[in-house]
Amino acid sequence: MTSRRMVSLVTGTLVMAVLLPILLSIWLARYQAEQRFHHELASYTQRINQLASVVIDESKTALKDINRIDSQTCDPAHLQAMRRVAFTYRFVQEVLFVKGSQALCSSLEQESHVSPFPAPERVNSEGYRFWFTPSNDLGINHYMIAMSHRDHMVVLDPRSFIDVLPLASWSIDSAVIGLTRNRVVVSSAPLSLAVWQHMRDGNLTRYEEAGIVYSMLRNPQSNFAVVVWASSHPMKAASNQQLLLWLPVGILVSLLAAALMLRLLRRLQSPRARLLDAIHSREFTVCYQPIIRLSDDKFVGAEALVRWPQADGSLLRPDVFIPLAEQTGLISEITRLVIDKVFSEMGDWLHQHPDYHISINLAAEDIADNALLALLTARCQRYQVSPRQIALEITERGFADPQRTAPIVEQFHHAGHPIYIDDFGTGYSSLSYLQNLTVDVLKIDKSFVDALEYNAVAPHIIDMAKHLQLEMVAEGIETECQAQWLREHGVHYGQGWLYSKALPGNELQSWCETVRGSTVARAAR
Ligand code: C2E
Ligand code: MG
Ligand code: MG
């Protein structure tokens with residue numbers, strides 16, 4: 001993956017990393033508040049269900065208790081026993097003695113005035129009969145639950161079913177609904193029948209409508225359902241409170257993630273990462289600057305110079321990125337790329353013109369690369385180009401350690417590649433390496449060519465090259481005067497803007513076609 005893609009990926013991740021913890025903290029605050037609220041409702045429903053079961057169980061015990069007494073004739077002992085049961089069992093309001101459907105006496109009256117009971121609304125599997133009735137011996141119009149077994153009946157206040165204090169700080173309402181007739185037996189506040197029917201039909205344990213949250217629990221054994229409900233407002237208030245707790249955590253995590261991602265982003269956008277991308281996507285191009293024989297101004301070859309095209313269409317010069325590639329250990333990859341391009345662009349042309357050559361610049365690290373010679377040899381063979389046509393330019397820095405480099409340079413030379421010393425005289429190094437190395441050509445640096453008229457260095461370089469029997473190429477010739485001076489002093493070849501700037505491969509080939517026959521200098525002028 002290119003670092004540009006990585007940058008977009010990391011940027012996307014950065015946005016996510018910043019947003020996600022904040023969104024998560026908002027969600028968490030809401031979730032926690034909701035969970036707590038629903039848990040509170042559910043546990044309140046449970047507690048009402050438990051209490052209702054206790055009331056029914058206790059009523060059964062009360063009935064068993066009264067049914068056990070011997071005298072059942074409404075005599076004082078019988079009445080006394082019924083009153084004792086009504087008094088002892090806290091949920092029992094009244095105990096009646098019923099024969100058939102008629103109540104004969106009760107814990108309240110020696111002679112009961114209650115009108116005959118209709119058929120029971122429900123008879124459970126244990127034989128207990130149930131009514132929901134306003135009949136009682138006090139004549140108070142209040143619906144009660146009557147439960148009977150054998151000849152006794154206990155009367156219960158349904159309000160005791162929901163007599164449970166909510167643990168929450170907010171108000172909760174509740175209702176108990178008898179499932180036989182779908183009748184609200186008791187409720188702390190009116191329950192919407194539509195809501196109840198909706199929950200019953202959908203068998204929903206939780207439901208929310210118009211800002212009210214409902215919770216339902218069925219008790220199939222006792223054939224009733226408990227519904228509790230509360231406004232969702234406290235849940236929202238709790239959610240905001242939770243947010244105050246979680247949001248700072250979310251923001252902190254966001255900031256940490258952002259810092260981490262920015263660091264990664266900065267690393268991905270580093271010049272080395274960009275250079276590596278350019279190598280992998282083979283963005284580099286090669287231009288060729290003609291080298292001219294000064295004696296007759298004839299084209300003899302060209303120097304391959306690497307270029308890095310930028311997104312804005314400009315070409316980045318090698319002075320900028322070659323040092324970076326050298327520092328970051330990427331130079332040999334660039335050199336291989338240049339060699340590949342030189343052969344793919346100019347291989348056939350060199351094969352057709354065996355007297356032309358291309359010189360390739362090598363960095364100090366390239367000389368240590370043992371596989372480079374094999375690569376050059378393979379390419380020369382594939383394109384049927386003589387190694388003589390591929391010269392290698394090595395700067396003085398490349399010869400810094402002659403003991404180590406000399407044998408390798410010798411191998412290149414032995415394979416047939418001419419060796420050029422590039423930028424000669426600018427490396428401030430000892431000239432002793434010249435004695436130990438097999439060098440063919442010395443390139444006089446542009447700085448000496450620029451200063452021919454007032455600097456006395458160039459003549460000394462020329463004398464030395466002559467003494468060592470090296471050919472010379474003068475770099476950076478910009479004026480005819482310079483060319484004339486160099487020619488007169490016996491410099492063999494030259495390159496520079498006087499003749500041509502570095503050109504793309506195809507342009508160099510057509511440039512050579514144009515100037516063929518005429519001398520280069522005349523054609524360029
Ligand atoms: P160099 O090998 O000494 O190449 C000559 C430089 O002088 C080139 O600059 C060329 O464009 C420039 N030049 C030639 N004639 C003139 C002229 O008349 N006037 C002026 N002002 N400049 C002229 P460029 O292409 O920017 O290359 C700079 C240096 O980068 C090269 O110096 C070489 O050391 C290095 N380089 C270029 N290509 C490669 C490469 O493929 N590998 C390596 N390792 N280094 C390279
Ligand atoms: Mg060069
Ligand atoms: Mg040079």
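The numbers here are math on the coordinates, done by the rules we state, and not lab data. Treat the numbers as computed from the prediction; the structure is a model and nothing was measured. Here the Cβ is made from the backbone with ideal geometry for all residues, glycine too, and neighbour counts use every protein chain on show.
Quick look at the values:
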read-out	value
Over 24 Å [Cα-Cα, the range 3-155], rounded percent	51
Neighbour-count order for Glu393, Glu208, fewest beta carbons within 10 angstrom listed first	Glu208, Glu393
Principal-axis tilt of helix 318-327 within the chain, Cα atoms, nearest 10 degrees	70
Helix axis angle, 271-280 relative to the chain longest principal axis, alpha carbon, degrees	80
Three-way shape label, the range 162-234, alpha-carbon gyration tensor, a/c 1.5	oblate
Contour excess over end-to-end distance, with Cα ends at Ser192 and Leu468 and 0.36 nm allotted per residue	88.2 nm
For Glu303, distant residues with modelled amide H under 5 Å away	Gln289, Ile291, Ser359
Per-peptide average of other Cβ atoms within 10 Å, ordering 455-465, 79-89 highest first	79-89, 455-465
Cβ crowding within 10 Å averaged over residues, with 307-319, 270-282, 468-480 ranked highest first	468-480, 270-282, 307-319
Additional length obtainable on full extension of the chain from Leu375 to Leu19, 0.36 nm per residue less Cα span	123.0 nm
Label-point gap, in nm, between Asp70 and Ser101 - each point 7 angstrom along Cα→Cβ	3.5
Rounded if a/c under 1.5, otherwise prolate or oblate - the range 271-524, Cα gyration tensor axes	rounded
Distance from the range 211-238 to the range 79-147 (C-alpha centre basis), Å	31
Residue order, fewest to most surrounding Cβ atoms within 10 angstrom, among Cys105, Cys74	Cys74, Cys105
3J(HN,Hα) from dihedral phi, the range 4-14, Karplus parametrisation 6.51/-1.76/1.60, rounded to Hz, x for glycine, proline	5, 5, 4, 4, 5, 5, 5, 4, x, 5, 4
Lys, Arg +1 and Asp, Glu -1 on Cβ, resulting dipole of the range 271-524 about Cα centre, debye, nearest 20	440
Folded to 0 to 90 degrees: helix 402-414 orientation relative to the chain principal axis, Cα	70
Unmatched cysteines, the chain - criterion: no other Cβ of a Cys under 4.7 angstrom	Cys287, Cys380, Cys481, Cys512
Debye intensity ratio I(q)/I(0), log10, the chain, q values 0.06, 0.13 Å⁻¹ (C-alpha model)	-0.55, -1.17
Sum of -39500 (n - 2.57) over DSSP H runs of 4+, divided by residues of the chain (222 nm, nearest 500)	-15000 deg cm²/dmol
